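Have a look at the structure below, then the notes.
The values are calculated or read from the model by the stated rules, or taken from the named source; none is laboratory data. As the structure is a computational prediction, the values presented were derived from the model and not from experiment. Cβ atoms come from the backbone with ideal geometry, glycine included; neighbour counts cover every protein chain shown.
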Amino acid sequence: MNPTLQKILYALFRHPKHRPAHLKTTSRLKRNFVLMRIHVGENGQVRDIVIKMSCGNPQLDQMAMQEGAKLLFAQPRVGRNAMAKWHNMRWEVPKNLR
């Protein structure tokens, strides 16, 4: 295959920003889940949330963060001392929103 043609095809079909508008698929999700890192304070309440792997839809990522912020965890402890810790969490996209 011609190297120039190969570069053009690669740009068209691998990189969405180079695709024509009628070929773009923005409504489909990349994944059916969101991976988050949740920072839990000494009292068990969520302090911070970071998205580590998006589902591909910013609104659903925001929904995952809002639901994660409502959670209350058991006090993370090391021995007898309460300590803040980071936890990994997987949030599944509801089936009616896929």
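The table below gives the values:
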| item | result |
| --- | --- |
| The range 57-83, subset modelled with pLDDT of 95 or more and either touching a Pro at 6+ places or on another chain (Cβ under 7 Å) or among the charged types (D, E, K, R) (or both), residue surrounded by the fewest Cβ atoms within 10 Å (Cβ to Cβ) | LYS70 |
| Residues of the range 84-98 satisfying the condition of being without any contact (Cβ under 8 Å) to a residue 24 or more places away in the chain and either touching a Leu at 6+ places or on another chain (Cβ under 6 Å) or surrounded by 10 or more Cβ atoms within 10 Å (Cβ to Cβ) (or both) | PRO94 |
| Any hit, the range 25-41, residues being more than 12 Å from the chain's Cα centre (by Cα), charged (D, E, K, R) and modelled with pLDDT under 95 | yes |
